[in-house]
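The values are calculated or read from the model by the stated rules, or taken from the named source; none is laboratory data. Remember, predicted model here, so these are calculated numbers, not experimental data. Virtual Cβ from ideal backbone geometry, glycine too; neighbours counted across all protein chains shown.
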Amino acid sequence: MQIVIGSDHAGFHLKQELSSFLQQSGYQVEDVGSHDPAPVDFPDIAWALCEKVRATDGLRGILVCGTGVGAVIASNKVKGIRAAVCHDVHSAHQAVEHDDVNVMCIGAQIVGPWLARDLIEAFLQAEFVEEDDFIRRVEKLSQLEQRN
């Protein structure tokens, strides 16, 4: 499975560690930046990551910023992206299972590397549950994008 990963400067060090973890776990990792800890605007990184995710069916993205909040706001502005801040394992898998989330956002100032690895494993192993209630709700999310 291919994964796209990105971070702003606040998430840079955790992203580096998580990128190595993912590669060691057998994933193909594309890093869209930032590529050093110098200040960068998180919306630019979110856009680069989301463009890749929405261009390829089944591709998932992981964004790391200070709290995950800025990353999730920026990501959810991009048509075709369903992003969630996940700081607990249950949310990390349920976001995919019930809401077909394709971008997980993590706060480097909120979670440490060991929990972030557990979150990523839960997120990447989860699959959307093809039940009528979940399908209908995800379709309604897509319809919301059309209203703007």
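A few remarks follow.
- For the stretch 115-137, a residue qualifies if it is more than 17 Å from the chain's Cα centre (by Cα), in a helix (DSSP H, G or I) and hydrophobic (A, V, I, L, M, F, W, C), and the qualifying residues are 134, 135.
- Test: residue in the stretch 107-114 that is at pLDDT below 95 and part of a loop (DSSP other than H, G, I, E, B): no
- Residue within the stretch 24-46 that is within 22 Å of residue 142 (Cβ to Cβ), modelled with pLDDT of 95 or more and not in a helix (DSSP H, G or I) present: no
- Set side by side, the residues 70, 11, 61 differ, and just one is part of a helix (DSSP H, G or I), small (Gly, Ala, Ser), under 23 Å from residue 141 (Cα atoms) and in contact with a strand residue (DSSP E or B) (Cβ under 9 Å, 6 or more places away or on another chain), which is 70.
- For the stretch 92-106, the set of residues classified as among the acidic types (Asp, Glu) and in a helix (DSSP H, G or I) consists of 97, 99, listed by residue number.
- Residues of the stretch 98-122 classified as surrounded by fewer than 19 Cβ atoms within 10 Å (Cβ to Cβ) and out of contact with any Lys or Arg (no Cβ under 9 Å at 6 or more places or on another chain), total: 9
- Members of the stretch 65-91 found to be closer than 23 Å to residue 113 by Cα and in contact with an Asp or Glu (Cβ under 8 Å, 6 or more places away or on another chain), listed by number: 65, 66, 70, 71, 84, 89
- Taking the criterion of being out of contact with any strand residue (DSSP E or B) (no Cβ under 7 Å at 6 or more places or on another chain) and of a type in the set (A, V, I, L, M), the residues of the stretch 73-95 that qualify are 73, 74, 78, 89.
- Pairs meeting the criteria (first residue in the stretch 120-143 and over 30 Å from residue 19 (Cα atoms), second residue of a type in the set (Val, Ile, Thr) and surrounded by 12 or more Cβ atoms within 10 Å (Cβ to Cβ), beta carbons under 7 Å, at least 6 apart or on different chains) are lacking.
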